[in-house]
Amino acid sequence: MPIYRSHVLVCGGTGCTSSGSREVIDAFRKELQKRKLSGEVLVVPTGCHGMCEMGPIVVVYPEGTFYSHVSKGDVPEIVEEHIYKGRPVQRLMYALDEEKPVIPRYSEIPFYRKQKRIALKNCGYINPDNIEEYIARGGYEALGKALTSMTPAQVIDEVKASSLRGRGGGGFPTGLKWSFCASAKGDKKYVICNADEGDPGAFMDRSILEGDPHSVIEGMSLGAYAMGADEGYIYCRAEYPLAIQRLKTAMAQAEEYGLLGENIMDSGFSLTIHIKEGAGAFVCGEETALMASIEGRRGMPRPRPPFPANSGLWGCPTNINNVETWANVPQIISNGGAWYATMGTEKSKGTKVFALTGKVKHTGLVEVPMGITLREIIFEIGGGILEDRKFKAVQIGGPSGGCLTEDHLDTPVSYESLTALGAIMGSGGLVVMDETTCMVDVARFFLSFVQKESCGKCPFCRIGTKRMLEILERIIEGKGVMEDLDKLLALAHQVKEGSLCALGGTAPNPVLTTLKYFRDEYEAHIRDKKCPAKVCTSLIHYVIDPAACIGCTKCARNCPVSCIAGEVKKPHVIDDEKCIRCGTCKSVCPVGAISVE
């Protein structure tokens, strides 16, 4: 293998790809070839580096110099100054803000400093399309160790010792789950990877599949060996074309190297893995609905028992874990369950990957030890709230999670602590909100998503969420009454208790937590007919201050419904009945004469 003096790592995750990273990769290769440096410097397309808001991201090794917002036009300067002359380009380096000095090295950036990467170990470091780079980072060593020196029972014992819990949201002990499937009677068994990630704002599983697909394949192989399965499925939604492409490449390479397929490593153990592309139904994240979809039936949950460990795919014993859970397994087998159990809290061990989004300065993918506080994640890793506004809430656990307040920022992140507050860990979505967010509208948004995604099988979920949504819509339109709040609570508890699966069982969480922690906002919408955050269009009015208006006519010229009138250089007036509350006038006013009341 050639030896290079420098490696230029360019993020090839979906976020950076959409920002133009492919053009950056091409530009580097052309520029290096032009300067006859192709034999000395290797350009490596990688998976997600995590700091998605700063993309396209480029990291130059061996120095570890971190460049952000790189365009193809910046490439000649980086090659000339940094690669050729050894002088890093400071204007492309990361800085906390414009007034603070740049932070040149990847490892010194606050976003990465408090992270502990296990599931994301290789994301941003290796070319996911090159199996040899995965092997060079210790890939498939765990599988080799298990197949040559461990019994299936010992593999399960090691996973039990790690106290790894399912990272898809349920938090069930992984080793215990494996033992159920291993002891189930049946000549045919299956392992399944649940990659049906559908939460708004979530991209944890997608990033692992795009950046380190072999870790999932190796994890599934270890699980299949431990449980006696010889066939597996990766259920990935079709909206993830890059993840599917990289999975297919990884599987083909693993088969070529004898690490997947028949008689793996001459051990007698065989495993065939298939990819099933889902159509995007959120309910197919539920394990029984997912299996129905694989079998070619409509994705709808069924009652349990029997549980999949005893009767799953096509009636055979089946084990289902999500992407992040499988990706943790190889390192647990390589380093030992006791090593993994040293991280985290008493009952929530290891690390958790979160998709940090919303009104936060640094959105992206983070992996942190269990027990870290929400304050550390949002303010130290995420850099705080955009435009230094006041923090209001964080929605944790996806659309079925809950909204937590400033009083909860010092809560250690664990399954137990979040459940106690009315939220859930979920698969790892973290949506940050500031003072401009209306919590009633947030509850409406998430409930609307879940209501549309309901499979309709059980009346509590199908009808109950619809009635709850109708009440919320009345409230944000200024037509609510105080009795609506009692109805919402009653319906929420009925839906939670009566729904067949976790989609319906957790659907009311955003309503329950916002009612619990932000009841004053609901009451303001009903009693005062006002939206405190000035978001709900039926309860706000745009007003022009005659003393501040300079009569430039810019608002009138940009209004899509022509509801603003006035002469040049004279104060203008908005016709409130015609106004559609789009906010265009306020955004274009050069003197800030338009306000929302």
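For the reader, a short list of remarks on this structure follows.
- Taking the conditions (1) modelled with pLDDT of 95 or more; (2) outside any helix (DSSP H, G or I) in turn, Glu521 satisfies each one other than (2).
- Unique residue being more than 25 Å from Met265 (Cα to Cα), assigned to a helix (DSSP H, G or I) and either out of contact with any Gly (no Cβ under 7 Å at 6 or more places or on another chain) or modelled with pLDDT of 95 or more (or both) when the list is Tyr125, Tyr112, Tyr134: Tyr112
- Look at (1) open to solvent by less than 30 Å² (accessible area, probe 1.4 Å); (2) outside any loop (DSSP other than H, G, I, E, B) and you find that Arg375 fails only one, number (1).
- Of the residues Ser68, Ser38, the single one that is within 19 Å of Leu365 (Cβ to Cβ) and either surrounded by 22 or more Cβ atoms within 10 Å (Cβ to Cβ) or free of Cβ contacts under 8 Å to residues at least 60 places away in the same chain (or both) is Ser68.
- Every condition in (1) under 30 Å from Val440 (Cα atoms); (2) in a helix (DSSP H, G or I); (3) among the basic types (Lys, Arg) holds for Arg557 except the one numbered (1).
- Filtering the range 472-489 to residues that are open to solvent by 10 Å² or more (accessible area, probe 1.4 Å), in a helix (DSSP H, G or I) and over 20 Å from Cys501 (Cα atoms) leaves Glu473, Arg474, Ile476, Glu483, Asp486, Lys487.
- Residues in the range 538-597 that are among the aliphatic types (A, V, I, L, M), under 36 Å from the mean Cα position of the chain (by Cα) and open to solvent by less than 60 Å² (accessible area, probe 1.4 Å): 4 in all.
- Residue check, Glu497 surrounded by fewer than 24 Cβ atoms within 10 Å (Cβ to Cβ), at pLDDT 95 or above and charged (D, E, K, R): no
- Among the residues of the range 422-469, those that are open to solvent by 10 Å² or more (accessible area, probe 1.4 Å), polar (S, T, N, Q) and touching a residue at least 24 places away in the same chain (Cβ under 8 Å) comprise Ser427, Thr436, Thr437, Gln451, Ser454.
- Selection from the range 413-444 of residues that are at pLDDT 90 or above and part of a loop (DSSP other than H, G, I, E, B): Val413, Ser414, Glu435, Thr436, Thr437, Cys438
- Test result for Asn335, buried (at least 24 other Cβ atoms within 10 Å of the Cβ), among the polar types (S, T, N, Q) and either over 16 Å from the mean Cα position of the chain (by Cα) or at pLDDT 95 or above (or both): no
- Where Lys534 falls short, out of the listed (1) open to solvent by 20 Å² or more (accessible area, probe 1.4 Å); (2) on the phi < 0 side of the Ramachandran plot: (2)
- Count of residues meeting criterion [under 26 Å from Gly398 (Cβ atoms) and either open to solvent by 40 Å² or more (accessible area, probe 1.4 Å) or more than 20 Å from the chain's Cα centre (by Cα) (or both)] in the range 167-179: 9
- Which numbered condition His214 fails, given (1) open to solvent by 10 Å² or more (accessible area, probe 1.4 Å); (2) farther than 20 Å from Asn310 by Cβ: (1)
The values are calculated or read from the model by the stated rules, or taken from the named source; none is laboratory data. Just so it is clear, the model here is predicted, and its values are computed rather than measured. Heads up, the Cβs are rebuilt from the backbone with ideal geometry, glycines too, and the neighbour counts pull from every protein chain shown. Only protein heavy atoms, including side chains, enter the accessible area calculation; ligands, DNA and RNA are left aside. Shrake-Rupley method; radii C 1.70, N 1.55, O 1.52, S 1.80 Å.
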